[in-house]
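Working notes, beginning with the structure itself.
Every number here is computed from the coordinates shown, using simple stated rules; none is lab data. From a predicted model like this one, the values you see are computed outputs, not experimental measurements. Positions of Cβ are backbone-derived with ideal geometry, glycine not excepted, and every protein chain shown enters the neighbour counts.
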């Protein structure tokens, strides 16, 4: 039996999505910029995709920019807006637990002469609004904050933050990295005061290598790449039509029967965390409880075990989870978020992330629990002291 | 400049007396092996202490890079070769001069340089001797390119003109790796971890003509699939130089666990390494190897102090242990690792079986008698576990 429980790293594509991508690649392969019939068919795909994606956020199709994924969306939002707004201020704000795509963009801004404030988080991985309020200045051009933390699943107070930002400095723009939350939460950029929102397709059962950035109408933003002027010059390069079509279908599926699906996922998460606590001694579930945590991510520290060993053991049994965050597990450096929430140092290396999807079954969860329960004791015996 | 030949230089092989042909044939074989993977058609000939490669439709950089991986080659000289016209005739003296002038024209766009012509006349029937011919060619080159100057002591460009069964003109010498061609020594078993040192050690011994097999001790689930893949990748990198390598993957987990359970933790690494050596020794003897190779260097880590080396080397009964890096500083090892393109793979951060259980303060001056006494507590099951480990031997041909 295979238990794929690494859905925050990436997801399997939905069958319908894979079929559609193949169809567009082999049958509707025109360049959307071409004026002939094939071109028109391709550009219609883009129009449809914009329509579908914008409707999931209740924004307008013109506000969707297609990108190559979460990293490019984050880069474009942060660099593009800060550079365009630098005449009115060179101060930007983010948090200490962001994805490297965000943090490294801010490093680049620092090199370009911006002043960067990095907000700490509380023990559950959330920014304190009081810290945010104090950090906003008259020359602050951008605040960037993730919606759902990729390592522990905590949900940032996005709505409150949006309101606060606009009340302290209406000119400050608000970027939200929604890579882990899109498809799992209802997001309404307009009422939430979000000016820019990053989304990745492969986290919601769409193809890899594609994503989008919501850019609120009227937002000043510079391109970060140059070329043939596609997408109003903001993102040159022939659009990834099959990927975009696949992403739109995946998004549509995600937001169909939404409440029911999320309810199931929450139940599964509750079952998993309760069973872990019940069946595996000496574990800690990281992050907040129920309402302020994403329905699909569980971060668990298993005292006396190395995450890498657990991962290898599980992998051998065809159970796939991550250590800390998948994006950094190849690096010896310890997870950002786990450190930031003040996890005990001896637990930093002992933390795994289990992340589920709509495809996850109770059987997979039971298989994981059984395997952990039966092997944790033996493995603990051989922990490096 | 359109080169269409290479003159291959080799050093030590040239002085091996009557066995010389064995070494030359091995070298030709190795050159054929690497050129098989290159675009183009090549004909390799061995004449009077020289190896020539005539090349057609080839990519210059790809070919040179391939030749740089052949042990035994000290220099690769891209050359222009002019075949005999008809049966007997090489170009006459004015013809040779013209060919050299064309060569200079093509290879050196900037003529503000000093040069020297060096001739070798192997075909003594050629109407002018080496000295005369060099002087004549030099004069004609000066005439053609007045910006150039002759400097016989320290020229910028040394142009070699060889009158043999064909006319060869070459000036540039690209360094080869040196050493002896693979297949001229014997076979040895490399203990390959995922680190920086062992691939370099394998490379260095192979450079003396030694064929390699390698053994990796895998410790799942404490080491990952990626760690294993890293070792496979490293073996592939070494195989670029050595040709096919057999990599043995041995499952070492149970032995490691058993030692961990029974022996003092500060001696874990030493005892573990003793069993690795033992298993490598058995495997090596079975595959006809004449030595073990390790990447050890005195004092680099606790398990490589002189005392530790004594304890780990002592278990090898059937053959010598070669430790080519024994007196190398880390930086020197890193330099070679970078040179052979192993470094970036070596530094990928995956746990290997030597690091996972390492004690905080491992013993640095183990005493053999103490170690042996502690190993007695393994006596119940260790032989059986060693046999089991040997039976897990998974051979990957790279």
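Restricting to bridges with both residues inside the stretch B:5-175, how much of the DSSP beta-bridge set is antiparallel, in percent to the nearest 5?
Expressed as a percentage, antiparallel bridges in the stretch B:5-175 total about 75.
Give me a single rounded figure for B:218-227: the average over its residues of other chain Cβ atoms within 10 Å of their Cβ.
Average per residue, whole number: 5.
Let me know the shape class of the stretch B:1-104, please: from the alpha-carbon gyration tensor, a ≥ b ≥ c as square roots of the eigenvalues, rounded when a/c is under 1.5, otherwise prolate if a/b is greater than b/c, or oblate.
Oblate.
Just order B:126-139, A:338-351 by mean Cβ neighbour count inside 10 Å, highest at the front, would you?
Descending packing order for the listed peptides: A:338-351, B:126-139.
For residue B:150 and residue B:326, what is the calculated FRET efficiency with R₀ set at 51 Å and r taken between the beta-carbons, to the nearest 0.05? Walk me through the numbers before you get to the answer.
On the way: r = 49 Å, r/R0 = 0.95.
Plugging the Cβ-Cβ distance into 1/(1 + (r/R0)^6) gives 0.55.
Need one number for the stretch B:5-175: average projected area of the convex hull over its C-alpha atoms, nm².
One quarter of the hull surface, i.e. the mean projection, equals 10.6 nm².
Report, as an integer, the average count of C-beta atoms from other chains found within 10 Å of each Cβ along A:309-321. Don't skip to the end; give the middle numbers.
Details: counts 8, 1, 3, 10, 3, 1, 5, 4, 1, 0, 0, 0, 0.
Per residue, the number of nearby Cβ atoms from other chains is 3 on average.
In whole angstrom, note down how far apart the Cα centers of the stretch A:232-311 and the stretch B:156-182 are.
Using only Cα atoms, the two centres lie 64 Å from each other.
On average over all directions, what projected area in square nanometres does the stretch A:129-247 have, based on the convex hull of its Cα atoms?
Across all orientations, the stretch A:129-247 yields a mean hull projection of 8.4 nm².
Rounding to the nearest 10 and keeping the result within 0 to 90°, find how far the Cα-based axis of helix A:70-85 lies from the longest principal axis of chain A.
For helix A:70-85, the angle is close to 50 degrees.
Over chain A, what relative contact order in percent results from Cα pairs under 8 Å that are six or more residues apart?
Averaging sequence separation for qualifying contacts and normalising by length gives 23 percent for chain A.
For the stretch B:5-175, calculate the relative contact order in percent as a whole number, restricting contacts to Cα pairs under 8 Å that are 6 or more residues apart.
Numbers: 263 pairs, mean separation 42.2, N = 171.
Relative contact order, the stretch B:5-175: 25 percent.
Just for the Cα atoms in the stretch A:284-325, what are the lengths along the principal axes, largest first, rounded to whole Å?
Sorted from largest, the Cα extents of the stretch A:284-325 read 34, 22, 15 Å.
Mean 1/r over all different Cα pairs, inverted: what Kirkwood radius does the stretch B:187-397 give, in Å?
That comes to 17.0 Å for the stretch B:187-397.
Taking chain B as the reference, fit the longest principal axis to its C-alpha atoms, fit the long axis of helix B:253-262 to the helix C-alpha atoms, and give the angle between the two in degrees, 0 to 90, nearest 10.
Its long axis makes an angle of about 40 degrees.
Where both residues lie in chain A, what percent of DSSP beta bridges are antiparallel, nearest 5?
Close to 50 percent.
To the nearest 500 deg cm²/dmol, what mean residue ellipticity at 222 nm is calculated for chain B from DSSP H runs of n ≥ 4 alone, each contributing -39,500 (n - 2.57), summed and divided by the residues?
Details: 13 runs with 151 residues, N = 398.
About -11500 deg cm²/dmol.
For chain B, calculate the relative contact order in percent as a whole number, restricting contacts to Cα pairs under 8 Å that are 6 or more residues apart.
The value is 16 percent.
Taking a ≥ b ≥ c as the square roots of the Cα gyration tensor eigenvalues, with a/c under 1.5 meaning rounded and otherwise prolate when a/b beats b/c, else oblate, which class fits the stretch A:1-58?
Oblate, because a/c is 1.5 or more while a/b does not exceed b/c.
Provide the convex hull volume over Cα atoms per residue for the stretch A:60-160, in Å³.
Value for the stretch A:60-160: 119 Å³ per residue.
For the stretch A:21-109, treating each Cα as an identical point scatterer without solvent, what Debye log10 I(q)/I(0) comes out at q = 0.11, 0.15 1/Å?
-0.49, -0.78
At 25 °C and a viscosity of 0.890 mPa s, what translational diffusion coefficient does Stokes-Einstein give for the stretch A:182-229, taking Rh as the Kirkwood radius over Cα pairs? Give it in µm²/s as a whole number. Walk me through the intermediate numbers first.
Values: Rh = 12.7 Å.
Answer, rounded: 193 µm²/s.
Need one number for the stretch A:15-254: average projected area of the convex hull over its C-alpha atoms, nm².
12.3
Need one number: nm distance between label points at residue A:186 and residue A:256, each 7 Å from Cα along Cα→Cβ, rounded to one decimal.
Here the modelled spin labels are 2.0 nm apart.
Could you tell me how many cubic angstrom of Cα convex hull volume chain B has per residue? Could you put the intermediate results ahead of the total?
Numbers: hull volume 64.8 nm³, N = 398.
Per-residue hull volume (Cα only) is 163 Å³.
Which percent, to the nearest 5, of DSSP beta bridges fully inside the protein assembly as shown are antiparallel?
Around 55 percent antiparallel, to the nearest 5.
Please work out whether the stretch A:101-140 counts as rounded, prolate or oblate from its C-alpha gyration tensor, where a ≥ b ≥ c are the square roots of the eigenvalues and a/c under 1.5 means rounded, while otherwise a/b larger than b/c means prolate and anything else oblate? Provide the component values of the computation, followed by the final result.
On the way: a/c = 3.81, a/b = 1.41, b/c = 2.70.
Because a/c hits 1.5 or more and a/b fails to exceed b/c, the stretch A:101-140 counts as oblate.
Can you give me the C-alpha center-to-center distance between the stretch A:107-176 and the stretch B:97-127, rounded to a whole angstrom?
71
For chain A, what does the helix formula give at 222 nm: sum of -39500 (n - 2.57) over DSSP H segments with n ≥ 4, over the residue count, nearest 500 deg cm²/dmol?
Computed ellipticity for chain A at 222 nm equals -12500 deg cm²/dmol.
Per the Kirkwood definition applied to all pairs of different Cα atoms, how many angstroms is the hydrodynamic radius of the stretch A:343-384? Mind dumping the intermediate values first?
Details: mean 1/r = 0.0807 Å⁻¹.
Hydrodynamic radius (Kirkwood, Cα only) of the stretch A:343-384 equals 12.4 Å.
What is the P(r) of the stretch A:178-296, as percent of Cα-Cα pairs per 5 Å bin from 0?
All Cα pairs, binned at 5 Å, distribute as 2, 9, 14, 16, 17, 14, 9, 7, 5, 3, 2, 0 percent.
List, largest first, the extents of the alpha carbons of the protein assembly as shown along their principal axes, each in whole Å.
97, 79, 49 Å, listed from the longest principal axis down.
For chain B, find the longest principal axis of its Cα atoms and tell me its angle to the long axis of helix B:330-339, 0 to 90°, nearest 10.
Roughly 50 degrees, rounded to the nearest 10.
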